[in-house]
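Here, each number is a calculation from the coordinates, and none is a lab measurement. Since the structure is predicted, the reported quantities are computational estimates derived from the model, not experimental observations. Counting neighbours? That spans all protein chains shown, and the Cβs are built from the backbone with ideal geometry, glycine included.
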Amino acid sequence: INLPDSVKTIGESAFGQSIQLASFKAPASLESIGDRAFYCCENLKSVDLGDKIVSIGISAFDGCEKLESVSFPSSLKKISEAAFSGCTKLGEVNFSDGLETIDADAFYLCKSLTSVTVPRTVTSIGKQAIGYGRGGNVIDGFTITGYEDTTAQTYASENGITFNSLGKYVPMSGTISDTLTWKIDENGTLIFEGSGKIGDYSLDNLPEYLLAEPIAIELSDGITSIGAYAFFGFEGTVFIPETVTNIGNHAFGYFYNEDGAEVVNYDFIIMGYKDTVAEEYAAENEILFFEIMFEGECGETAKWSYDVETLTLTISGTGAMADLSLENLPYYLIYPIEKIVVEDGITKIGDYSFIALDNADTENKVTVTLPKSVAEIGEHAIGYILVEGEEAYTEELNKNCTIEGFTDSAAEKYAADNELTFVKLDPVDPPAPTDPDLTFKLNENAEICTFDEENKIITVYDKSATLDKILADFTVGKDLAVAPIEKIATGAELVTKNGDETVEMYTIVVIGDVNGDGEVNSMDALAILQHSVEEVQLTGAALLAANIDSSDKVDSSDALTVLQISVEEKTPADYFPKETPDVPETPDVPETPDVPETPETPSGNE
């Protein structure tokens with residue numbers, strides 16, 4: 001069956017006794033299935049109900065003998081009478097939170113179904129709705145799983161069905177109103193998000209968020225009212241924002257004592273702002289009240305201030321901070337502090353000034369920065385935490401405390417005496433500036449270029465040269481950049497830069513490219529001939545490009561060479577100047593000594 005997404009309802013008996021129907025997938029829009037809609041579809045094996053279905057009618061799937069499993073979405077509120085009765089192979093049923101009603105005989109005669117988990121949201125289960133087989137008998141071994149004190153447990157008990165308890169239901173999130181929600185985080189803190197009112201409760205109807213027994217409460221700015229008994233039994237400390245203008249009866253600071261009587265918790269602490277309902281409620285109920293302050297005095301001329309965003313405590317002013325004791329600790333220690341900055345002008349850190357910082361979330365890591373003006377640091381003033389003993393608190397070194405200060409100062413001595421990490425703040429001379437590397441010189445093994453550094457001319461003996469090939473003949477300093485060149489041609493400029501500043505400009509001469517069009521052809525040869533007969537006068541880079549053989553003059557022989565280069569009979573490389581090795585002088589050949597004349601042989605006739 002393929003139904004369009006526009007279908008919201010399947011009517012009464014719409015597909016009843018359709019013996020060819022093997023599967024059904026609800027369209028995304030489907031909200032209800034009517035009575036007997038799939039009655040006795042005996043070959044129906046699988047059903048997908050979508051995620052918008054709200055109700056399933058009477059006997060909607062009654063007699064679907066081959067249906068093996070079904071899952072219900074959280075949108076479903078009601079399963080009507082005998083909806084799945086007689087589904088003898090149905091062995092798995094998955095309910096979702098949100099289901100409210102399971103009517104009588106809903107899963108009657110489902111003999112393969114031996115266990116179900118019933119959500120806490122179900123408030124009505126009809127007669128023999130689940131767990132019953134033939135003859136109105138409970139299916140052997142049938143088990144219902146659910147939370148204590150729910151309809152599921154009551155149904156199991158009344159029908160003699162085994163109940164597997166999940167314990168008391170403890171919600172971890174919920175909704176107060178359209179604009180206000182709550183959740184329990186991983187640390188056990190009850191967090192309210194949004195704005196509006198937290199309503200009234202009673203001893204017989206306490207809010208479900210208290211079931212989690214939160215260890216802390218965070219109330220968001222924007223909450224305007226806290227109703228009666230809203231936090232009855234909570235034993236921690238609570239901060240009440242300024243936006244709260246009403247607090248109901250016994251909202252905070254009350255609990256049951258050992259005798260079951262409702263009494264005030266005199267150890268309870270309310271933190272809030274002066275002249276607010278928080279202060280008024282605390283006074284009326286004899287509960288401790290701590291006024292929220294972010295600045296105050298800590299000596300005759302010394303002051304403190306606290307930054308909530310950066311968790312930074314700043315000590316400013318002049319002179320000494322007051323000496324304190326374990327019985328008289330400063331107000332600012334109620335805050336989590338990661339950094340303490342003592343400004344120049346403070347001369348003494350009093351006893352116990354920064355002990356027991358509340359910074360456990362970061363393993364009590366704290367950095368204390370001290371100026372040169374601090375000449376004295378009191379007992380246990382910095383770097384100690386309090387550890388609760390059997391009879392009293394004791395001071396213990398906080399190894400995660402770091403002191404920042406100057407060489408040979410009271411800060412350095414205190415850190416050494418108390419084995420605390422010390423970081424020097426002494427200024428470090430910046431490294432001497434170095435001249436930028438702007439090297440640009442021709443390599444000894446250059447292959448296509450010569451370089452006239454004095455006249456800033458680069459001569460190229462390659463008619464197809466690229467900028468990369470040219471630069472391969474040069475050493476370029478690390479602080480020097482070469483600007484792109486649109487075309488390598490006679491007269492083009494090679495520009496070197498250091499950042500945005502131009503360092504130097506060099507003129508490129510391409511041998512044979514007389515007219516500067518980037519080509520070597522007959523037009524260049526013609527220009528040379530015209531120059532040789534004085535029709536035109538070549539000058540500058542053009543003249544250098546025309547002097548192929550680097551002779552004393554430019555004439556028709558250069559024009560001929562250009563033509564030969566243009567048809568690739570020759571190449572500019574043939575004229576690339578190379579050092580000619582010195583020819584060794586021919587050694588003098590010694591003169592041949594005079595050979596004495598051979599004397600005449602006398603004639604035998606004489």
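For the chain, take the alpha-carbon Rg, divide it by the Kirkwood Rh, and send me Rg/Rh.
Details: Rg = 49.3 Å, Rh = 36.1 Å.
Across the chain, the Cα-based Rg/Rh ratio is 1.36.
So what are the three principal axis dimensions of segment 1-169 from its Cα atoms, in whole Å, longest to shortest?
Between the extreme Cα coordinates on each principal axis of segment 1-169 lie 43, 32, 19 Å.
Does segment 401-521 classify as rounded, prolate or oblate by the C-alpha gyration tensor (a ≥ b ≥ c root eigenvalues; a/c under 1.5 gives rounded; else a/b over b/c gives prolate, otherwise oblate)?
Taking the square roots of the gyration eigenvalues as a ≥ b ≥ c, segment 401-521 is prolate.
Find how much the distance from SER165 to LEU3 grows on full extension, using 0.36 nm per residue of separation minus their present alpha carbon separation; answer in nm with one decimal.
Working: separation 162, 0.36 × 162 = 58.32 nm, distance 4.10 nm.
In short, 54.2 nm is gained.
So what J values fall out for segment 342-356 if you push phi through Karplus, 6.51 cos²θ - 1.76 cosθ + 1.60 with θ = phi - 60°, rounded to Hz, Gly and Pro as x?
The phi angles translate into 9, 7, 4, x, 6, 9, 8, 9, x, 3, 6, 4, 10, 7, 6 Hz.
At GLU376 and THR181, where each label point lies 7 Å from the Cα along Cα→Cβ, what is the point-to-point distance in nanometres?
Modelled inter-label distance: 5.7 nm.
Per residue and in cubic angstrom, what volume does the convex hull of the Cα atoms of segment 173-291 have?
In segment 173-291, the Cα convex hull volume per residue is 97 Å³.
Between ILE334 and THR121, what is 0.36 nm times their sequence separation minus the Cα-Cα distance? Round to one decimal in nm.
Numbers: separation 213, 0.36 × 213 = 76.68 nm, distance 4.23 nm.
Stretched out fully, the ILE334 to THR121 stretch lengthens by 72.4 nm.
Please give me, ordered by residue number, the trypsin sites (Lys or Arg not before Pro) of segment 172-279 that lie in loop per DSSP and have at most 15 other Cβ atoms within 10 Å.
Answer in residue order: LYS274.
Tell me the label-point distance for the pair GLU262, PHE294, using the 7 Å Cα-to-Cβ offset, in nm and rounded to one decimal.
Rounded to a tenth, the inter-label distance reads 3.7 nm.
For segment 470-510, which GluC sites (Glu not before Pro) are in a loop by DSSP, counting at most 16 other Cβ atoms within 10 Å?
Taking segment 470-510 and a limit of 16 other Cβ atoms within 10 Å, the loop GluC sites (Glu not before Pro) found are GLU486.
Taking the simple approach of a point 7 Å from Cα along Cα-to-Cβ for both GLU534 and ASP97, what is their distance in nm?
Result for the modelled spin labels: 10.7 nm.
Between PHE294, ASN418, GLY260, whose Cα lies farthest towards the positive end of the dipole of the chain when Lys and Arg beta carbons carry +1 and Asp and Glu beta carbons carry -1, centred on the Cα centre?
GLY260
Out of segment 450-512, which trypsin sites (Lys or Arg not before Pro) are coil in DSSP terms and have no more than 14 other C-beta atoms within 10 Å?
LYS456, LYS478, LYS487
Separation of segment 339-354 and segment 268-291 by C-alpha centroid, Å?
Going from one Cα centre to the other spans 31 Å.
In deg cm²/dmol, rounded to 500, what helix-only [θ] at 222 nm does the chain give when every DSSP H run of at least 4 residues adds -39500 (n - 2.57) and the total is split over its residues?
That calculation yields -2500 deg cm²/dmol at 222 nm.
Tell me, what is a quarter of the convex hull surface for the C-alpha atoms of segment 295-424, in nm² with one decimal? Each step should come with its number before you reach the end.
Numbers: hull surface 29.6 nm².
Directional mean of the projected Cα hull area for segment 295-424 stands at 7.4 nm².
At a Cα cut-off below 17 Å, give the lysines reachable from LYS478, other chains included and same-chain residues fewer than 8 away excluded.
Straight-line reach from LYS478, under 17 Å: LYS441, LYS497.
In a shell of Cβ-Cβ distance under 14 Å around GLU412, excluding GLU412 itself, what net charge do Lys and Arg (+1) and Asp and Glu (-1) give?
Taking every Cβ under 14 Å from that of GLU412, the sum is -3.
Taking 25 Å as the cut-off for C-alpha to C-alpha distance, list the pairs among LYS274/LYS348; LYS78/LYS127; LYS8/LYS127; LYS487/LYS553 that go past it. Before the final figure, lay out the partial values.
Working: LYS274/LYS348 31 Å; LYS78/LYS127 15 Å; LYS8/LYS127 30 Å; LYS487/LYS553 28 Å.
Where the Cα-Cα span goes over 25 Å, the pairs concerned are LYS274/LYS348; LYS8/LYS127; LYS487/LYS553.
For the chain, what is the percent of antiparallel DSSP beta bridges, rounded to the nearest 5? Write out the running numbers ahead of the final one.
On the way: 44 of 105 bridges.
Once the DSSP bridges in the chain are tallied, antiparallel ones form about 40 percent.
More than 16 Å apart: what percent of Cα pairs in segment 284-328 qualify?
Roughly 56 percent, rounded to a whole number.
Take ASP558, ASP204, ASP452 and order them by how many other Cβ atoms sit within 10 Å, fewest up front.
By the 10 Å Cβ count, ascending: ASP204, ASP452, ASP558.
What residue among GLY188, PHE239, LEU206 has its Cα farthest toward the positive end of the dipole of the chain, where the charges are +1 on Lys, Arg and -1 on Asp, Glu, each on the Cβ?
Most positive-ward Cα: LEU206.
Could you tell me what percent of the DSSP beta bridges with both partners in segment 173-291 are antiparallel, to the nearest 5?
45
Given 0.36 nm per residue, what is the gain on full extension from THR245 to THR475 after removing their alpha carbon distance, in nm?
Once the chain is fully extended between THR245 and THR475, it gains 75.1 nm.
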